[in-house]
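Chemist: Mind having a look at this structure? Questions to follow.
The values are calculated or read from the model by the stated rules, or taken from the named source; none is laboratory data. Given the structure is predicted, the values throughout are model-derived calculations rather than measurements. Cβ: placed from backbone, ideal geometry, glycine included. Neighbour counts: every protein chain shown.
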Amino acid sequence: MGSLARYRAVKKALLEKRGRKCEACGSPAAHPHHVIPCSKTGIASELVYLPENMLILCDDCHALMHPGARRYWDKGTKVARARDLSGRSRRRR
């Protein structure tokens, strides 16, 4: 099985097991987000295929995990949830 076919099989199994709801906000979702990004591990890394390294996110929450990729006019609660999921904190002193 090629790497793309393997990824698609993992994605399908992940969506079947966890459902098609965003794990950040509960909206309908279909995007696996890699907690440890492929850009850091490399596309050939086994982490690309581990369900434990993936979150199911809606379009909005997935884009929030990739700052600068898309502008948001109403960030509100989704920003806080995405920040919690990514482990980032924006506390100001």
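Chemist: So how many residues does segment 38-70 have that are more than 19 Å from residue 9 (Cα to Cα), under 11 Å from the mean Cα position of the chain (by Cα) and surrounded by 14 or more Cβ atoms within 10 Å (Cβ to Cβ)?
Modeler: 8
Chemist: So which helices (runs of 4 or more DSSP H) stay within segment 26-93 end to end and still have 2 or more residues that are under 19 Å from residue 4 (Cβ atoms) and modelled with pLDDT of 65 or more?
Modeler: The helices (runs of 4 or more DSSP H) meeting that bar are 38-41.
Chemist: Go through segment 1-25 and give me each residue that's in a helix (DSSP H, G or I), more than 11 Å from residue 48 (Cα to Cα) and not basic (Lys, Arg).
Modeler: 5, 9, 13, 14, 15, 16
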